[in-house]
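K.L.:
Have a look at this one.
The values are calculated or read from the model by the stated rules, or taken from the named source; none is laboratory data. Bear in mind that the values here come from a model prediction, so they are computed numbers and not experimental data. Cβ coordinates were reconstructed from backbone atoms using ideal geometry, including for glycine residues, and neighbour counts include every protein chain displayed.
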Amino acid sequence: MKLRILIADDNELVRNGLRTLLEGQPDWQIVSEAVNGREVVEKSGRHRPDVVILDYNMPEMDGLSAVPKIHEVAPNAEILVLTQHDAPYTVQRGLDAGIRGYVLKSDAGHDLLAGIVAVAQHQTFLSANISPSLSARKPAPPA
């Protein structure tokens, strides 16, 4: 069974790079892409991905605001935030909102694939450069 992934980022270059990287993985399938928060919610409901790769900053609805709405329409989807924001407060807000993984774009080369595997197995994953005090925290269960 293929791991179904939805990519949500407003930057076309980032989406294309992610698609190229992820399509090279055996048993992984990109089911859709979204360019803003409203679209990721709608496409999550339509495609029911296993993993949503979500940018924190997007037009129309930011990634953090989209998290509970994604869980409403696709309750089994695990969410991995891929972002440049590394402030502990920002990471904690994401975990509290119900994301499962948090990967910094600067760490994506060595952390992204491992992060996707971990969240697909319902495990928390944080980039190596995220504060160690946060890495012990478990995200809140989806509402």
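K.L.:
I want to confirm something. Restricting to segment 89-126 and keeping residues that are of a type in the set (Ser, Thr, Tyr) and surrounded by fewer than 18 Cβ atoms within 10 Å (Cβ to Cβ), which single residue is farthest from Pro49 (Cα to Cα)?
P.N.:
Here the residue is Tyr89.
K.L.:
Moving to a separate point now. Could you list, in sequence order, the residues of segment 100-110 that are modelled with pLDDT of 90 or more and either small (Gly, Ala, Ser) or farther than 24 Å from Leu13 by Cα (or both)?
P.N.:
Arg100, Gly101
K.L.:
Right, here's the next one. Given the conditions (1) in contact with a strand residue (DSSP E or B) (Cβ under 9 Å, 6 or more places away or on another chain); (2) free of Cβ contacts under 8 Å to residues at least 24 places away in the same chain, report the number of the one that Leu13 does not fulfil.
P.N.:
The single condition Leu13 does not satisfy is (1).
K.L.:
Just to be sure I understand, how many residues within segment 46-61 are crowded, with 18+ Cβ neighbours inside 10 Å and either free of Cβ contacts under 8 Å to residues at least 24 places away in the same chain or among the acidic types (Asp, Glu) (or both)?
P.N.:
Matching residues across segment 46-61 total 2.
K.L.:
Quick one: count up the residues across segment 96-133 that are aliphatic (A, V, I, L, M), under 15 Å from Gly63 (Cβ atoms) and in contact with a helix residue (DSSP H, G or I) (Cβ under 7 Å, 6 or more places away or on another chain).
P.N.:
3
K.L.:
Here is a further query. Which of the residues spanning segment 1-45 are acidic (Asp, Glu) and surrounded by fewer than 19 Cβ atoms within 10 Å (Cβ to Cβ)?
P.N.:
Those that are acidic (Asp, Glu) and surrounded by fewer than 19 Cβ atoms within 10 Å (Cβ to Cβ): Asp10, Glu12, Glu23, Asp27, Glu42.
One line per residue, one yes/no per condition, for (1) over 25 Å from Lys2 (Cα atoms); (2) modelled with pLDDT of 95 or more; (3) surrounded by 13 or more Cβ atoms within 10 Å (Cβ to Cβ); (4) of a type in the set (S, T, N, Q):
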| site | (1), (2), (3), (4) |
| --- | --- |
| Pro75 | no, yes, no, no |
| Ala87 | yes, no, no, no |
| Ala128 | yes, no, no, no |
| Ser131 | yes, no, yes, yes |
| Leu134 | yes, no, yes, no |
| Lys138 | yes, no, no, no |
| Pro142 | no, no, yes, no |
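K.L.:
Which one of these does Ser65 not meet: (1) farther than 18 Å from Ser127 by Cβ; (2) of a type in the set (Ser, Thr, Tyr); (3) modelled with pLDDT under 95; (4) surrounded by 18 or more Cβ atoms within 10 Å (Cβ to Cβ)?
P.N.:
(4)
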